[in-house]
1. Starting from the range 122-203, pick out the chymotrypsin sites (Phe, Trp or Tyr not before Pro) whose DSSP state is loop and whose Cβ has at most 10 other Cβ atoms within 10 Å.
2. Restricting to lysine pairs 8 or more places apart or on different chains, what number in the chain have Cα atoms under 25 Å apart?
3. For the chain, evaluate the Debye formula with one uniform point scatterer on each Cα (no solvent term) and list log10 I(q)/I(0) at q = 0.07, 0.11, 0.19 Å⁻¹, rounded to two decimals.
4. If you roll a 1.4 angstrom probe over the protein chains with everything in place, what fraction of the accessible area of the range 1-71 belongs to carbon and sulfur, to the nearest %?
5. Could you work out the helix-only [θ] at 222 nm for the chain, with each DSSP H run of four or more residues adding -39,500 (n - 2.57) and the total divided by the number of residues, to the nearest 500 deg cm²/dmol?
6. About its Cα centre, how strong a charge dipole does the chain have in debye, to the nearest 20, once Lys and Arg get +1 and Asp and Glu get -1 at the Cβ?
7. Loop only by DSSP, 16 or fewer other Cβ within 10 Å of the Cβ. Give me the trypsin sites (Lys or Arg not before Pro) in the range 1-100 that pass, ordered by residue number.
8. Where nothing but the Cβ of Lys and Arg (+1) and of Asp and Glu (-1) is charged, how large is the charge dipole of the range 90-211 around its Cα centre, in debye to the nearest 20?
Amino acid sequence: MFRINRTRIEGETRSADAKRQRLHDNSTVLDAVKLLFVNIIDEIMKLPVYNAAHWVCNMDRWIDNLQSDNKATYQRGEIVFLDLGAQNFKYEPSYTHACIVLANRSKSILIVPCSTKKFRSGYRDIIDATPANGFMRNTGIQSESFRWVNKNRVVSRTGKRVSSDILDRLDHVLVSFAPSHSREISRLNGEIQRLNQKIADLEEIVKTIGE
């Protein structure tokens with residue numbers, strides 16, 4: 001494997017004309033690209049067909065992405081298939097997976113990935129879902145892996161939506177990562193309990209008076 005001097009290459013990105021200069025006019029970066037392609041070929045050749053096929057599809061979609069612009073609107077709770085990437089680090093969700101749309105913006109969507117292999121895996125962040133929740137098969141929802149992605153990552157739409165109780169559970173997970181909102185919810189829950197107790201006390205007083 002050829003070693004790439006990342007410090008030197010990243011230094012080229014800070015030149016005044018780095019965003020305008022064509023690659024062929026910069027021998028430092030061009031030579032690094034050539035070496036990197038050799039490294040990539042060496043590594044790809046070691047992969048199983050499953051991984052290599054996903055890598056090819058991901059790179060082909062990335063090329064298409066340079067010329068396309070998905071402007072579709074996705075509904076909250078909609079289940080779509082997304083290309084989550086083939087060069088991800090370690091245990092990040094990767095390849096093509098069903099995902100739940102949590103929010104829609106003009107060019108991006110907030111999603112949470114799902115995997116049939118995660119169903120009943122026992123991991124803390126996995127929410128088990130079944131066809132009763134809108135899926136084709138039993139599925140594990142990776143609730144803590146939510147992220148914003150560009151709409152160009154959408155491979156296809158399923159025409160299905162996840163059940164409202166699953167969305168409620170996902171909302172709870174999202175809020176748990178915002179401490180100020182969690183504290184406010186705890187405060188309001190405490191206030192609700194206090195008011196319910198007050199109602200119960202008043203009802204007891206009315207009952208006593210009635211007797």
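The values are calculated or read from the model by the stated rules, or taken from the named source; none is laboratory data. Remember, it's a predicted structure, so these values are computed and weren't measured experimentally. Cβ atoms come from the backbone with ideal geometry, glycine included; neighbour counts cover every protein chain shown. We work out accessible area using only protein heavy atoms, side chains counted, and drop any ligands, DNA or RNA first. Shrake-Rupley method; radii C 1.70, N 1.55, O 1.52, S 1.80 Å.
1. Details: sites: 123, 135, 146, 148, 177; in loops: 123, 135, 146, 177.
Here the sparse-neighbourhood loop sites are 177.
2. Lysine pairs meeting the criterion: 20.
3. So the normalised log intensities work out to -0.38, -0.75, -1.32.
4. Working: 3490 of 6090 Å².
Of the solvent-accessible surface of the range 1-71, carbon and sulfur hold 57 percent.
5. Details: 5 runs with 87 residues, N = 211.
When only DSSP H runs of four or more count, the value is -14000 deg cm²/dmol.
6. Values: 32 positive and 25 negative charges, 115 e Å.
Using Cβ point charges on Lys, Arg, Asp and Glu, the chain gives about 560 debye.
7. Values: sites: 3, 6, 8, 14, 19, 20, 22, 34, 46, 61, 71, 76, 90; in loops: 3, 14, 19, 20, 22, 46, 71, 76, 90.
Of the trypsin sites (Lys or Arg not before Pro), the ones in loops of the range 1-100 whose Cβ has at most 16 other Cβ atoms within 10 Å are 3, 14, 19, 20, 22, 46, 71, 76, 90.
8. Details: 20 positive and 13 negative charges, 219 e Å.
It works out to roughly 1040 debye.
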